[in-house]
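Reading through the structure tokens given below for one structure.
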Amino acid sequence: MQYSEKVLEHFMHPHNVGKMEAPDATATEGSPACGDQVTVYLKIDKDKLVIDDVTFLSYGCASNIATGSIITDLAKGKTLEEAKKITWRDAMEALDGLPPVKVHCSVLAADTLQSAISNYEIANGLKEIPNFSKDTILEEMKKIIYPKVGEDIVSLKMVKYIGFSDGEVLIDLNIPSFDQWRDNIAEEIREHLEKYPDVKNIQINM
Ligand code: FES
């Protein structure tokens, strides 16, 4: 597998690694795609709402460690509003790219940073816990990467329809029956949505 110089550099000498003592917010997320995990710790300037410090622990692969390193570099010193705009695409760009089958590792790191920020905002009354809706499902779909090309399934127009009512999720996918990743994608969708208590049943049509 071909990694950029930047990925190798951040993997060998990752920045901002380690558990933070008395953080203002944390989040731990796991990747349904591979079972790996990342934790992000934040120290926030409460008056200016600026990220004073951010560290991470990764139980993931080289790509995940490299993304954790670069994304914490990108977030440090930013206001919460600025940091909320940092995506896995920014991290990938800053790393000079990742192989398509490794893009989900950068999604995991970026997602965990966003969860930590969201946890801080909820705990400090800066935002309400959002209601589960079709938008929540759509946001989760955007985190699922089609490994062949390293893009999310929403951008690739693989999600034809999303429905949600009375705990029943209905998703129509546009993936041909001969596609080798078809079952993985369906499995990942289930794993992303099953964690929500509002979801009682998931039906995926392909
Ligand atoms: Fe699991 Fe990369 S393979 S984080």
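Bear in mind these aren't lab numbers, they're just calculated from the coordinates by the rules spelled out. These numbers were taken from a predicted model, which means no experiment stands behind them. When we count neighbours, we look across all protein chains shown, and the Cβ atoms used for this are built from the backbone with ideal geometry, even at glycine.
Spread over its residues, the convex hull of the C-alpha atoms of the stretch 97-206 is 104 Å³ per residue.
Of the trypsin sites (Lys or Arg not before Pro) in the stretch 1-67, the ones in a loop by DSSP (not H, G, I, E or B) with at most 16 other beta carbons within 10 Å are Lys19, Lys46, Lys48. Using the alpha-carbon positions of the chain, Rg (one decimal) and Dmax (whole number) come out as 17.3, 55 Å.
Note on the stretch 19-38 and the stretch 54-109: Cα centroid distance 13 Å, given to the nearest whole angstrom. A cut-off of 5 Å between modelled amide H atoms, ignoring neighbours fewer than 5 places along the same chain, links Val169 with Lys200, Asn201, Ile202, Gln203.
Hydrophobic long helices, here whole DSSP H runs in the chain with Kyte-Doolittle means of at least 0.0 and Cα atoms spread over 27 Å or more along the helix axis, are found at 103-123. Residues whose amide H falls under 5 Å from that of Lys78, counting only those 5 or more places apart or on a different chain, are Ile51, with hydrogens built in the peptide plane. Springs between Cα atoms under 10 Å define the GNM used for the chain, and in it the highest mean-square fluctuation of Thr72, Thr87, Thr136 occurs at Thr136. Sparse packing (at most 12 other Cβ atoms within 10 Å of the Cβ) combined with a DSSP loop state is found for the following GluC sites (Glu not before Pro) in the stretch 37-138: Glu128.
Once backbone amide H atoms are built at 1.01 Å from N, Val159 has Asn174 as its partners under 5 Å, excluding neighbours fewer than 5 places away on the same chain. Checking the cross-link pairs Lys78/Lys143; Lys6/Lys157; Lys148/Lys200; Lys43/Lys148 against a 26 Å limit on the alpha carbon distance flags Lys6/Lys157; Lys148/Lys200; Lys43/Lys148 as lying beyond it.
Ordered by the count of other Cβ atoms within 10 Å of each Cβ, fewest first, His15, His10 give His15, His10. Computed from phi, the 3J(HN,Hα) profile of the stretch 79-93 under the Karplus parametrisation 6.51, -1.76, 1.60 (θ = phi - 60°) reads 6, 4, 4, 5, 5, 5, 8, 6, 10, 5, 5, 4, 5, 4, 4 Hz, with x in place of Gly and Pro.
Converting phi to 3J(HN,Hα) with the Karplus coefficients 6.51, -1.76 and 1.60 and the offset θ = phi - 60°, the stretch 21-38 yields 6, 6, x, 7, 7, 9, 7, 10, 10, x, 9, x, 5, 9, x, 7, 9, 9 Hz in sequence order, with x at every glycine or proline.
As a calculated quantity, the FRET efficiency between Glu187 and Asp135 at R0 = 22 Å, using C-beta atoms, amounts to about 0.45.
Kirkwood hydrodynamic radius computed over the stretch 15-111 comes to 13.3 Å, based on all pairs of distinct alpha carbons.
A full extension of the chain between Asn201 and Gln180 corresponds to an added length of 5.1 nm, given 0.36 nm per residue minus the alpha carbon distance.
For the stretch 1-35, the residues whose amide N sits under 11 Å from a probe point set 7 Å from the Cα of Asp96 along the beta carbon direction are 3-10.
Once each part is reduced to its C-alpha centroid, what is the distance from the stretch 168-189 to the stretch 129-148 in angstrom? Comparing the Cα centres of the stretch 168-189 and the stretch 129-148, I get a distance of 14 Å.
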